[in-house]
Structures are given as structure tokens and as C-alpha cells.
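Taking it in order: structure first as C-alpha cells, then the write-up.
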Amino acid sequence: MTMKMLRHFIAPAAAAGTFLLFAGCNPPGKSASAAAQTAETSSAAARTWVAPGDKDEFYLFYSGGHSGQVFVAGLPSMRHITTIPVFGRYPGTGYGYDEETKKMLGDYTWGDVHHPGLSKTDGLYDGRWLFVNDNANNRIARIDLRDFKTRQILGPIPNSMGNHGSSFVTENTEYVLVATRFSVPLPKGRYADPNDYAKEFNGAVSGIRVDPKSGEMSVGWQIITPPFDWDLGSTGKGPSSGWAFWTSYNTEMAHDQLEANASQGERDYAAIVNWRAAEAAVKAGRATLLDGVPVLDPAKVPGVLYYLPVPKSPHGIDTDPSGRWIVASGKLQPIASVFDFTKIQAAIEKKDFESEFRGVPVIRHDAVLEGEVPVGLGPLHTQYDGKGNAYTSLFIESAVAKWKMPPWTAEERADLNKVVLDKITVHYNIGHLVIGGSETRQPYGKYLVAMNKLSKGRHLSVGPSQPEDSELIDITGQKMAVLYETFTEPEPHFAQILKADAIKPIEVYPKAENTDPDAVWDAKDTGVTRHGHVVEVKMIAIRSHFTPDRIDAQEGDELVIHVTNVEQTPDMIHGLGIVEQNVNLVIDPGETKTVRLTMKKPGVFPFYCTNFCSALHQEMQGYLAVKPATVATAP
């Protein structure tokens, strides 16, 4: 054996011996607690490690807040994978620059995405669509998970202002349910003095109908409500199938200084909505049209709406996987109130009401309350692991509380502190949290992601504008354990987790599916055609050239360019950027995009491929030659 071969065998053995040496005792100068912490960190790292080339087990869809977009990461790695543009332009994918997406965005330049909701079949995620709300401009959007593209933006929704209580998907995606954060005089556009708020202003809850095949959304019905500020909601399942629930703040109906004036009462009202009854009432002709939408007055259509007192200034109201237990949390009370839906049904049947408000029954609180769990300070939202445990975010404490759901023993019922099983610190001031499948009949119950509002310097400094903090927590054991921390751009509010094998996204648009009438696939079919003052271009993009690579126009012309990426190979994306013309198309394989622009000045303007596609990517360019407008001369 040569010395080189000997070293080959000795080196690994020496390394193994060193490892055993330090595993058997603490390194010099290192305490036992420090060694234990190192071991714990190594264990956490191993549990989130996804090797290069390997893939994550889950998708994580974050709402992007006032960015107007959706962020996509993988779990457990927490690595950002892509951004899905929804309510705002996104140059990276050319969203908002081609004619189709410009039309979808309309006149709005931004949106405020809060609560994504996955489509369901039989109470389980089916991997078809992701719905997201726009709190700023009263819209809702549908993302197709076949290609991770926004396919429809509906709105502004009539009679609705501030689409915050959204997007809550029913068991078979019959509806996406939404509710108003703000109340205004209705129909929208009518003026009333805010001093007459209680009398002249109204809110609404709406059922956005979803076509079961295409996913196309339309407004199905609305229920007019008093001017409460509807906050968050959830949909029923099992015994609560056909029902939906929203919290509200400001049942005081204050219109100014809400920080004080909307927190006067000891409780606020939750809405208990029988959406199947609302649907049936509209079909029976019991609605009136308001701004073209069938609207129900719950005082005139009994059975569609009830109120339930809940802890004051609540945020979340969350239905558990069985559909029996409903948990509401008030930001200003350190408890999570657990309500029994079977008792709610019994109370409705027996008319066990404590009062009525504007003709709508108020269910007697104590008749349906199962218990008030002392979870901690600033409870906001609750998620479920499918194993009988609930997890509530605590904004003030910067913590997550794990607690046992009913049924409780007599001993536990006598002291509900005993059902609080664990508490873990997060960093800092947690808002939402998410467990995969918590809104379904069968949660995944493996990971929890805490979405924390403040990061407070836990990252490299990036100046005054700080990112937000997200922490991955393992919930498989009796005690929770933080595994990983990452940072996101502002501002995730809620998220959804989906098993990776639940969807099979396409990576190429098949040629056979391209029905764009302006698509061309062969160089012989390309060309530049003039129709009066309109110059129309049919172009193909393929490694590594455009055909045609010269476009002639004249100042004042309208230029229409249709570009088809004729590639049928994954990842062969092409872009079309025209210098000084604000043109930015990104065309995926097999896709056709169109852009229209007016030639406002003469000159020669290069165009080029913006997406790196081949070794000759730099050579993929051409010219737009614009002649000066012809000036008529006097005779």
C-alpha cells in the first residue's frame, strides 16, 4: 500500500476519532449547557436541511401584504422560490406590462393581500386554485396552481368596502366568503356625513360564487349588516357545514378615535352566517338588487344571520377540523373562548337568545360557551394540528400557546390552566400563524410557521426599512421547538401550506393549448403589417433570435406586437425589452404575449431578450426604427 493510499484511509479514521473524542466530553472552555445548545442547533439544522437538488415537502404561500403579491417558499427549508404577482406590476415576470395583465389590473397600481385561501373538495385541499383578497381596493383574485399565474381579479366588489374578512373557502369551493372591514353609505358613491355613521353607514358579508370547472368568480349574494368592522372568519365543516363565522370589532359603531371608542364594550359580536340559507333565499326571490347584486336584509329574511357575543376587540375566529368547536380570541382579553356549534344549533332551535340587534337575534353567550382557556396576553389567531391540540398566537407576549381542545376532564374543566400544554417564545410580536391543512378536515400537523411583525435587528442591518420575521416550529412532539428563522419583505399576514405532491404544475404551455389568435409558430408566418396608423407585428422568439428582428414604424403610429415563445423546453423563457419605450414582456415557453404602444418620438430603439436563454443570449436583439411624422407643407 502506498503512502497516498494510507493517508486516504487514515484521514477519515482520524476525523471519526476526533468526533468521538468531543462527543464523549465537552471541548476545553465550553460548558455543558453550551454544548447542549450546539447539539440542539445541529438537530434543528438537520431537520430543515434540504440538500442541493432535493425538493421540499410542502409549499408555503405567504400573503404579501401591501406589496400586492404572494410569496412562495418551500418547507422545511423556508427558502423563497418565487413571487406570484397579483395586484401590482412585477417587472421580474413582466406582469402588468402586457395587454392581458394590464387589463386585469385596471386603474389600480397596488393591492393589499392579507388572507390566502386554497380551494377544497370534500373539505380537503384539492390543489386547483389559491384565492387572495385585496383589502385596499375591494377585490379578490384567483391564482391557478397549474401554472402559478393570476387568472382573474374580481372587483371592486359592489356594496363592499375594505375586503379584509376574506378569503374563506367553503368545503367544496362553492363560494369564497368575504366581509367588509369598513362601512360606508350604500350604494357606494352616496354621500353621508360620518357623524351619522350608525344611521347611514352599512357593512356586508358576501358570497363570491366559484364556477366548479373554470374557477370563474362572480358575486352570488350579499347580506347587509350594521356598520361593524368585520375582521376575520372561517367556514364550517361536519356539523357546521353550510355555515360561516366572522368576528367584528366596533360594535359600538364609533366613527372616530376607534382605538378608544371601539373598545368600550365588554364584548363584540361575531356573525354566525347560514350561507346555504342565504343562497336559498336568493333563489326564492327574497333578495333585492343593490348595485346589480342580490342583497338580503337579515331582519326580513330570518335564519341567514345571528350574532354571538365574543371577547372584545377580537381578531381570529377559527373552526376546528371536526367542525364542532369554534375558537374566538379578543386582543384585549387573555383568553381563547371555545364555542360548541352543536349548542349553537340547539340555541337557535330553542330561540335561546339574549337580545336582538336591528332585528337579528343575539345568541345567549353562556348557552353555547364551552370554556375560556387562559392562553396568554394578546391572543389573535388559532390553528389546529388534527391531534386534538390548538395553537394560539399571542401578540403581546411574543409567543405561541399550545393547548388541549375539548372534550375536557372534570379536573381540567375546573381549572382550564391545566389544558395549556406548552408555550414558546417567538421574535417578535407574532400576528398570524399557520399549520398545514388547519382549515381542512385533516391537518398535516407537522410544522407551524409563526409570522412575526417585528424583527428587531435579528438580521444584518438593512437600514430603517426592516423585514419581517418568520419562524418554523416543529409541533410533532409534546414540546414545540423552533427549527429555523427567515425574513420576508413586508408584509405577510396569513399563509397556506400545501403538500408538494398535491399539485403538478406545468413547466411548458403545450402548443396545442395555445388558442391565442395572434400566435405564430414558424418564421414564415411572422411579419410586420400596416393598417392605416396601426402597425401590427407577429413575432416569434427562439434561441437565440427574434423573427422579425426589424420593425419599421412612424411617429404617431400605434404599434401592436404579438410575441410567441415557440420553445417547448422547460426554463427556456424569453423576454422582450424595448429601450426607452417602457416595454417589458416576459414570455414563458409556448406562451403568446401582446403589447400596445404609441410611437411618441422618432429614432431607432434597440430591443433585446431580457431573460438569459443561451450562450448567444446577448446576440438576441433587433431594432425598432421610427421615422419622423410627415409634416404637410403649405401649397
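The values are calculated or read from the model by the stated rules, or taken from the named source; none is laboratory data. What you are looking at is a predicted structure, and each value in this text was computed from that prediction instead of being measured. Heads up, the Cβs are rebuilt from the backbone with ideal geometry, glycines too, and the neighbour counts pull from every protein chain shown. Just so you know, the surface numbers come from the protein's heavy atoms only, side chains and all, with ligands and any DNA or RNA stripped out. Shrake-Rupley method; radii C 1.70, N 1.55, O 1.52, S 1.80 Å.
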Looking only at the stretch 200-240, filter to residues that are open to solvent by less than 40 Å² (accessible area, probe 1.4 Å) and among the hydroxyl-bearing types (Ser, Thr, Tyr); which one of those is farthest from Thr382 (Cα to Cα)?
Thr225
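Residue-wise test of (1) without any contact (Cβ under 8 Å) to a residue 60 or more places away in the chain; (2) of a type outside the set (Lys, Arg); (3) farther than 27 Å from Lys55 by Cα.
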| position | (1), (2), (3) |
| --- | --- |
| Asp422 | yes, yes, yes |
| His427 | yes, yes, yes |
| Gly436 | no, yes, no |
| Arg441 | no, no, no |
| Pro464 | yes, yes, yes |
| Glu468 | yes, yes, no |
| Gln478 | yes, yes, yes |
| Leu483 | no, yes, no |
| Thr486 | no, yes, no |
Taking interchain pairs and intrachain pairs at least six residues apart, which have beta carbon atoms under 7 angstrom, with the first residue in the stretch 206-228 and within 15 Å of Arg276 (Cα to Cα) and charged (D, E, K, R) and the second modelled with pLDDT of 95 or more and crowded, with 17+ Cβ neighbours inside 10 Å?
Arg209/Tyr175; Arg209/Met217; Arg209/Gly220
The correct count of residues that are in contact with a Pro (Cβ under 8 Å, 6 or more places away or on another chain) and in a loop (DSSP other than H, G, I, E, B) in the stretch 110-137 is 1
Please indicate, with yes or no, whether at least one residue in the stretch 79-100 is β-branched (Val, Ile, Thr), under 15 Å from the mean Cα position of the chain (by Cα), at pLDDT 95 or above and in a loop (DSSP other than H, G, I, E, B).
yes
Go through the stretch 547-601 and give me each residue that's among the hydroxyl-bearing types (Ser, Thr, Tyr) and in contact with a helix residue (DSSP H, G or I) (Cβ under 7 Å, 6 or more places away or on another chain).
Thr547, Thr594
Hits in the stretch 344-363 (condition: outside any helix (DSSP H, G or I) and either in contact with a helix residue (DSSP H, G or I) (Cβ under 6 Å, 6 or more places away or on another chain) or among the aliphatic types (A, V, I, L, M) (or both))
Asp352, Val360, Val362, Ile363
Candidate set from the stretch 503-518 (those that are of a type in the set (A, V, I, L, M) and closer than 14 Å to Asn565 by Cα); member that is surrounded by the fewest Cβ atoms within 10 Å (Cβ to Cβ)
Ala512
Among residues of the stretch 157-199, those that are farther than 19 Å from Pro298 by Cα, buried (at least 22 other Cβ atoms within 10 Å of the Cβ) and of a type in the set (S, T, N, Q), counted:
4
Taking Phe546 as the residue in question, decide whether it is open to solvent by less than 60 Å² (accessible area, probe 1.4 Å) and more than 30 Å from Leu380 (Cα to Cα).
yes
Conditions first: (1) buried (at least 18 other Cβ atoms within 10 Å of the Cβ); (2) in contact with an Asp or Glu (Cβ under 8 Å, 6 or more places away or on another chain). Val434 passes all but one, so which condition is the exception?
(2)
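Only one residue in Asp107, Asp147 is in a loop (DSSP other than H, G, I, E, B), without any contact (Cβ under 8 Å) to a residue 12 or more places away in the chain and open to solvent by 10 Å² or more (accessible area, probe 1.4 Å), so which one is that? Break it down stepwise before answering.
Working: Asp147 fails: without any contact (Cβ under 8 Å) to a residue 12 or more places away in the chain.
Only one candidate passes the filter, namely Asp107.
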Any hit, the stretch 43-62, residues being modelled with pLDDT of 95 or more, part of a loop (DSSP other than H, G, I, E, B) and open to solvent by less than 10 Å² (accessible area, probe 1.4 Å):
no
